[in-house]
1. How large is the dipole of the chain about the Cα centre if only Lys and Arg carry +1 and Asp and Glu carry -1, each at its Cβ, rounded to the nearest 20 debye?
2. Lys/Arg Cβ at +1, Asp/Glu Cβ at -1, dipole of the chain taken about the Cα centre: which of P206, G191, S122 is farthest positive-ward?
3. What area, in nm² and to one decimal, does the C-alpha convex hull of the range 133-224 cast on average over all directions?
4. Using the Cα centre of the range 1-96 as the reference point, and only Cβ charges (+1 on K/R, -1 on D/E), how large is the resulting charge dipole? Debye, rounded to the nearest 20.
5. For each of I203, I39, count neighbouring Cβ atoms within 10 Å of the residue's Cβ, then give the residues from fewest to most.
6. With the contact rule set at Cα under 8 Å and sequence spacing of 6 or more, what percent relative contact order holds for the chain?
7. Could you check the simple spin-label distance between S152 and R84, using points 7 Å along Cα→Cβ, in nm with one decimal?
8. Of I129, I161, I78, which has the largest mean-square fluctuation in a 10 Å C-alpha GNM of the chain?
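All of the numbers you see were taken from the coordinates with simple rules; none came from a lab. The structure displayed is predicted, hence computed values, not measured ones. Quick reminder, even Gly has a Cβ in these numbers, built from the backbone with ideal geometry, and neighbours come from all protein chains shown.
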Amino acid sequence: MISVSGEEMKLIDKYCIKNLGIPGIVLMENAALKVLKNIEMNKYNTFVIVCGVGNNGGDGLALGRHLMVQGKKARFFILGNMDRGSNDFSVNYNIIKNINGDIVHINSDEELSLFKDSIIDSDIIIDSIFGTGLTRNVEGIFKDVILSINKSEKYVISIDIPSGLDGNTGKILGICVKASKTITFQLLKRGLMGMEELAGEIIVEPIGIPDMVIDSVLGENLKK
Ligand SMILES: NC(=O)C1=CN([C@@H]2O[C@H](COP(=O)(O)OP(=O)(O)OC[C@H]3O[C@@H](n4cnc5c(N)ncnc54)[C@H](O)[C@@H]3O)[C@@H](O)[C@H]2O)[C@@H](O)CC1
Ligand SMILES: [K+]
């Protein structure tokens, strides 16, 4: 099984979007549907979805939309500065607003305690805070939220990479979500290898990226 660094995965995504013209939002929707496919829907009704403001967060929003459409209860907690939201995050954020989704921005201790209460009442937590875009140690409110997720001992599904784990090296940057299951997109991220302790069951799900892109970015030799 090929494994890639988080950086290589970002290059593959970018090549797909820029050179083939597959819009990022299409890849994001494919990603969300692949996470949905791996949720035992009859087991869970109340979802807490924790989103950063990058494309990993966008995946969580798109997943939550499908859960809402299927009649599940979803509460979205947003972490980060909305002005820095990625384009595809913003597309999915606006859709959730338009369907009257239950959204809370965690900017204060009050909202943090609301978050803690919500996870106690939930059946399952979706971790879509950071994916391959994690660049530095997790601190502040991000760290508080991840601490609460881990203390809750709830069933946690991490999208692409457990938030806080460096997709390139497997290093924990300050703190990391302890997931029950991680659905990683298209190719296994090198940082996940051997990390079942943190990532739980690791499932690699293709999201529609043609092999020719992987060959072009990684080079023929790596494919053999
Ligand atoms: N178009 C694409 O590239 C696709 C990306 N996908 C998803 O997008 C992810 C990559 O998205 P992005 O590159 O937007 O990055 P992420 O969404 O992983 O996170 C980056 C965001 O978190 C911030 N951040 C990074 N480290 C931080 C820290 N320590 N504390 C606080 N904030 C921090 C960054 O400023 C940025 O806003 C993938 O892991 C995957 O889940 C999928 O939707 C498939 C398509
Ligand atoms: K994540």
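1. Dipole of the chain, to the nearest 20 debye: 240 debye.
2. Selected residue: P206.
3. 6.5
4. Taking the Cα centre of the range 1-96 as origin, the dipole is about 320 debye.
5. Details: I203 16, I39 21.
Result, fewest neighbours first: I203, I39.
6. Values: 436 pairs, mean separation 52.0, N = 224.
Computed value for the chain: 23 percent relative contact order.
7. 2.4
8. Evaluated over the chain, the most mobile residue of the options is I78.
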